[in-house]
Structure formats: structure tokens, C-alpha cells
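These notes concern the structure reproduced below.
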Ligand code: NCD
């Protein structure tokens with residue numbers, strides 16, 4: 001099945017084979033980006049960001065620019081017709097008359113599926129509330145594939161805010177489709193992985209713990225996340241929980257020699273800066289894979305350049 005014209009709202013919208021084809025193209029682009037500098041000439045991407053973001057928006061914009069395409073959009077909904085009361089559907093319908101592909105970030109969970117239904121051109125969810133973040137997942141999968149050479153047979157520990165973190169919701173679902181995946185979910189009681197996600201990965205081997213020290217020696221991938229301050233109603237609770245986990249050199253000494261540390265970024269306090277020097281720390285490389293995989297995704301959805 002072709003990816004041309006499709007939407008990406010959550011990882012499950014693509015089959016494992018389709019995801020594989022995006023990752024493979026991402027790797028080919030990384031090997032020789034100069035081959036792709038004109039493939040999107042004449043094409044337009046709209047980045048509609050209803051929620052603050054630096055890296056995801058810049059990553060999309062860098063991706064489209066590197067393909068030779070152009071970008072329009074907003075990063076401050078206050079400056080758009082939203083502030084005049086326009087519905088999400090009307091904005092999407094209008095913008096889809098101007099451009100070839102839309103990437104949207106929105107603070108409300110479910111806004112992406114709602115918008116995609118009104119969208120006649122390829123629609124990419126760039127993060128909707130605490131729900132899903134499928135292009136971060138493509139980024140994570142590409143990083144794992146590139147650094148480990150495989151996506152099967154891995155124990156992946158996810159640590160931090162598993163309740164509000166959309167990246168871990170998407171990644172858990174995506175990784176559950178590979179052979180012999182095992183999960184360790186590390187979170188304090190207040191921030192445990194939601195039931196819906198656990199139901200979604202039914203049949204997959206997982207354990208839950210609140211101890212990073214206990215889990216760190218057992219995993220192949222340690223996926224650290226920040227506590228999502230903006231999603232807390234109770235700010236005192238955020239203050240209490242924000243520094244629950246801090247990965248430092250001492251904890252790293254208990255990890256496997258070939259373990260990878262990933263993080264979707266931005267980092268707050270959950271990884272000490274001293275860990276950056278450790279060759280197992282891959283989070284900045286991961287950000288670069290994010291750009292390549294978005295280039296690959298745009299190409300696939302537009303059916304260009306292959
Ligand atoms: C993540 C997000 O927006 O969910 N960041 C990102 O896309 N680079 C993670 C986060 O904000 O913690």
C-alpha cells in the first residue's frame with residue numbers, strides 16, 4: 001500500500017512495513033542528503049502550531065527546506081483567525097487549499113483526529129495534548145534502528161512522566177508491534193502509564209516500577225522524559241514530582257555497556273549534563289534523526305523524489 005495522500009495521526013495508522021519504508025528512506029537521506037535537495041521544489045508545507053514548540057516545528061521546517069520545498073504557518077494561534085473564533089475544521093479546510101501537506105500541533109488530545117477528518121491533503125499530527133506524537137516515534141524508531149541495527153528483541157525502559165507524556169504513549173504502541181519487545185515503565189504512582197495505553201499493548205511483556213536504579217541494569221534502551229509542567233492542574237504536585245528522576249554518571253555505571261539513552265527533548269533536570277559525554281547518550285543525535293525522518297515522511301506522503 002502506498003503512503004501517498006495518507007494522514008499520520010498515530011503510529012498505528014501505518015503498518016510495520018510502511019513504517020519500515022519511511023525509516024529506510026530516512027537512513028538513505030542521512031547517508032547523502034545532497035541527493036534530495038530539490039525533490040520538494042514547488043511544494044508547500046503548512047506548520048500550524050497551536051501550542052508552543054521549538055524543536056518539532058524547526059525540525060519540520062528544516063526538513064521541508066532541505067527538500068527544496070517551502071513553508072507557511074504560525075506558531076502563535078493568537079495571531080491567526082483562531083482568535084476570531086474560527087473552528088479547527090474551517091482553518092484546516094482553508095489551509096488545505098493553499099498547501100500540499102499540513103503538520104499541526106495542538107494542546108487538546110483528539111484535536112489531531114478531528115482536524116485530519118477535515119483535511120483533503122496529507123495531515124501530520126505533530127503532537128496533540130497528552131495523546132500522541134507519531135513523528136517523535138518515527139524519530140525514536142529510526143534512532144534505535146540506526147544505533148542498534150534492529151527493532152526486535154529489545155527491552156525498553158520509559159522513565160518519568162508516563163501519564164502526560166505523549167511521546168511515550170506513541171512509542172509504547174509502536175514498539176509493541178515488534179517481536180519480543182519488553183517494557184519497563186518507571187514512574188511515581190501519580191505519573192504511571194495510563195490504562196488505555198496498557199490496554200493497547202495487551203499481550204506484551206511489561207513491568208512497572210518506581211525505581212530507576214532497579215531497572216537501569218536490565219534495559220537496552222532508556223527513554224527519559226521530562227515531567228510535563230504545562231499539563232498539571234495542581235502546580236504544587238508538579239513541584240513535588242519534577243525532580244523524581246535524575247539520570248547521572250553514577251546511575252549510568254549500573255547500565256549495560258551498549259544501552260542507549262534517548263530523550264525527546266527538551267531536557268529539564270532529568271538527565272544531568274555530565275551524562276552528555278557518555279557515548280551511550282544519543283539524545284542530540286536523535287534530534288538529527290528526527291529531521292531526516294520528517295524529510296522521509298514528507299516525501300512518502302507527497303509521493304516525490306524516490
Ligand atoms: C516532546 C513533546 O512535545 O511532546 N517534545 C518534542 O516534540 N520534541 C516532549 C516534551 O515536550 O517533553
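None of the figures in this text is laboratory data; all of them are computed from the coordinates on show. Just so it is clear, the structure is predicted and the values come from calculations on it, not from any experiment. Reconstructed Cβ throughout: ideal geometry from the backbone, glycine too, with neighbour counts over all protein chains shown.
Things worth noting here:
- Scanning the range 177-193 for residues that are surrounded by fewer than 15 Cβ atoms within 10 Å (Cβ to Cβ) and part of a loop (DSSP other than H, G, I, E, B) turns up 179, 180.
- When 156, 113, 144 are checked against the criterion of being buried (at least 24 other Cβ atoms within 10 Å of the Cβ), in a helix (DSSP H, G or I), touching a residue at least 60 places away in the same chain (Cβ under 8 Å) and away from the ligand (no atom under 16 Å from the Cβ), 144 stands alone in meeting it.
- Options 103, 126; residue that is within 12 Å of the ligand (Cβ to nearest atom), over 26 Å from residue 233 (Cα atoms) and either out of contact with any helix residue (DSSP H, G or I) (no Cβ under 9 Å at 6 or more places or on another chain) or not in a helix (DSSP H, G or I) (or both): 103
- Within the range 257-268, residues that are under 14 Å from residue 245 (Cα atoms) and in contact (Cβ under 8 Å) with a residue 24 or more places away in the chain have Cβ atoms under 9 Å from residues that are within 8 Å of the ligand (Cβ to nearest atom) and part of a loop (DSSP other than H, G, I, E, B) in these pairs: 263/225; 263/226; 267/226; 268/226, counting only partners at least 6 apart in sequence or on another chain.
- Here residue 108 does not qualify as in contact with a strand residue (DSSP E or B) (Cβ under 7 Å, 6 or more places away or on another chain) and either under 19 Å from residue 287 (Cα atoms) or surrounded by 24 or more Cβ atoms within 10 Å (Cβ to Cβ) (or both).
- Checking 202, 214 one by one, the residue that is without any contact (Cβ under 8 Å) to a residue 24 or more places away in the chain, in a helix (DSSP H, G or I) and either within 29 Å of residue 45 (Cα to Cα) or more than 16 Å from the ligand (Cβ to nearest atom) (or both) is 214 and no other.
- Filter result (part of a helix (DSSP H, G or I), closer than 27 Å to residue 122 by Cα and out of contact with any helix residue (DSSP H, G or I) (no Cβ under 7 Å at 6 or more places or on another chain)) within the range 266-306: 288, 301, 302
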